[in-house]
Amino acid sequence: MKKNRKNKWKNKRKLPAILLVTSALLVVTACANSNEQKTSANNHNHSSNKTTAAADAPVSNASATNSSKAAPASYKYGKLKIQALSGAVCGAPSYVAYEKGFFAEEGLDVELVSGSMDAMKAGLTTGEFTVTNGDFVWFTSIQQGLDLKVIGGLHHGCIKLVVPPGSSIKTAADLKGKKIGVDEIGGVPMAVASVVLTNAGLDPQKDVQWLAYPLDQLQEGVKKGEIDVYAAWDPFGKLAEVNDGYTVLSDISTDHNFAGKSCCFLYASGKQIKENPERVAAIARAYQKATAWIAEHPEETAKLEIEKKYVSTDDLTLVTDLIKSYHFNYTTEAAQDDIRYFVKQFSQTGFLKKDTDPEEFLKKAYYDVFATSK
């Protein structure tokens, strides 16, 4: 899903439909990661070539934790790698399933690793990676032929569209003719903002101008007058609100266009599903246990992320508040409804093909992981 954001600095673009679809394919992915750019805050795993400030620290930490854990005498489903070390707060299900032993309980000898989006896509295609925690941008890759299945919803929104203090922009309709900053053309924040625009009666391809900046430079773009608002992964929007007096125009954890719906899903390799569906079901059960634990222990989850250096901030209140806002819950039936909904939304914005049928897409993209244990 990725192109280097550094090369996009100040690139002013109008986005025809074909560019949006192509860009989304190149930059696809939730909740993905690279080590190209250090920032002072954690970024989201689902966005392509995203800054991963804590990406290298958790790798050594995970190895140390592996050696200190009391491993079962044998693991029924053997060793597997999960590319989860992105520095994202919302990557909590992977961290918790690992640290609390839910993977081990299910017979899985898991190693959490970091890596690029290209490596992720290649690994899922070959079966090297069994699952990924990703957002709805992966829908584009599935439509383009990637053998990947949604096996459950994980949590709600982690993206905000924010407006600086003193702005005349009060509603989404006020965005007509404005310049919107995003971390990448065709990325998830842009897709989210496009849904907001469409539902406000605007054309995201004609009525606004999109500019791409590195995540940690978006606010600087506002200060220079180069952009009017920006859409970004947490914690950037939240920090702008709390520290700098920005107004949240859209928070996908509460915005009526997104509220109550999963923004991030657990995806599984189609190859792995065919070869070992029981193993995939075991992984899903571990994530199911992890999301339930997170929902019951948000502050303890935040402490775990900070103390184990899965995120690069030590602000316990901030991380706890974000975790609470995500409403972690492993869903299946609701996840299917969410897929239908977002397919309809994204086919209207140009993110997916306009003639995409939600039911047909669901049949292709969803796998009932728990049918194997029925």
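The values are calculated or read from the model by the stated rules, or taken from the named source; none is laboratory data. Since we're looking at a predicted model, the values are computed, not measured. Glycine also receives a Cβ, built like all others from the backbone with ideal geometry; neighbour counts cover every protein chain displayed. These area figures cover heavy atoms from the full protein model, side chains too; ligands, DNA and RNA do not enter into them. Shrake-Rupley method; radii C 1.70, N 1.55, O 1.52, S 1.80 Å.
Some points to look at:
- P(r) for region 321-374, from all Cα pairs and a bin width of 5 Å, is 4, 17, 21, 18, 15, 14, 8, 2 %, short bins first.
- Each other residue within a Cβ distance under 15 Å of His297 adds +1 if Lys or Arg and -1 if Asp or Glu, for a net charge of -2.
- Loop trypsin sites (Lys or Arg not before Pro), region 187-253, which have at most 12 other Cβ atoms in a 10 Å radius of their Cβ (DSSP): Lys206, Lys224
- Too-long pairs where the Cα-Cα distance tops 24 Å, listed order kept, from Lys79/Lys100; Lys261/Lys308; Lys223/Lys303; Lys224/Lys261; Lys76/Lys271: Lys261/Lys308; Lys223/Lys303; Lys224/Lys261
- Computed from the Cα positions only, the extents of region 177-336 along the three principal axes stand at 52, 36, 26 Å, in decreasing order.
- Between Lys76 and Lys363, the contour length at 0.36 nm per residue exceeds the Cα-Cα span by 100.3 nm.
- Using a simple spin-label model with pseudo-atoms 7 Å out from Cα toward Cβ, Ala334 and Lys223 lie 4.0 nm apart.
- Ligands, DNA and RNA are left out, and with a 1.4 angstrom probe the accessible area of region 96-242 is 28 Å² per residue.
- Taking the charge dipole of region 307-374 about its Cα centre, with +1 at Lys and Arg Cβ atoms and -1 at Asp and Glu Cβ atoms, the residue from Leu316, Thr331, Gln345 reaching farthest to the positive side is Gln345.
- Of all accessible heavy-atom area on region 290-374, the percent that carbon and sulfur account for (1.4 Å): 46
- Region 266-374, accessible area per residue, ligands and nucleic acids excluded (1.4 Å, Å²): 46
- Ranked by the mean number of other Cβ atoms within 10 Å of their residues, highest first, the peptides 98-110, 311-323 come out as 98-110, 311-323.
- Maximal additional length on extending the Glu299-Tyr341 stretch stands at 12.0 nm, based on 0.36 nm per residue less the C-alpha distance.
- When the alpha carbon coordinates of region 111-222 are projected onto the principal axes, the ranges are 50, 29, 24 Å, largest first.
- Region 104-203, dipole about Cα centre (Lys/Arg Cβ +1, Asp/Glu Cβ -1), debye to the nearest 20: 820
- Cα gyration tensor category, rounded, prolate or oblate, for region 244-333 with a/c compared to 1.5: oblate
- In terms of accessible area, using a 1.4 Å probe and ignoring ligands and nucleic acids, His256, His327, His155, His297 rank largest first as His256, His327, His297, His155.
- On the basis of the beta-carbon distance and an R0 of 45 Å, Lys353 and Asn276 show a calculated FRET efficiency of 0.90.
- Looking at region 191-256, the GluC sites (Glu not before Pro) that sit in a DSSP loop and have at most 16 other Cβ atoms within 10 Å of their own Cβ are Glu226.
- Asp207/Phe370 FRET efficiency (R0 45 Å; Cβ-Cβ; nearest 0.05): 0.55
- Listed peptides 165-171, 262-268 by packing density, highest first (mean Cβ within 10 Å): 262-268, 165-171
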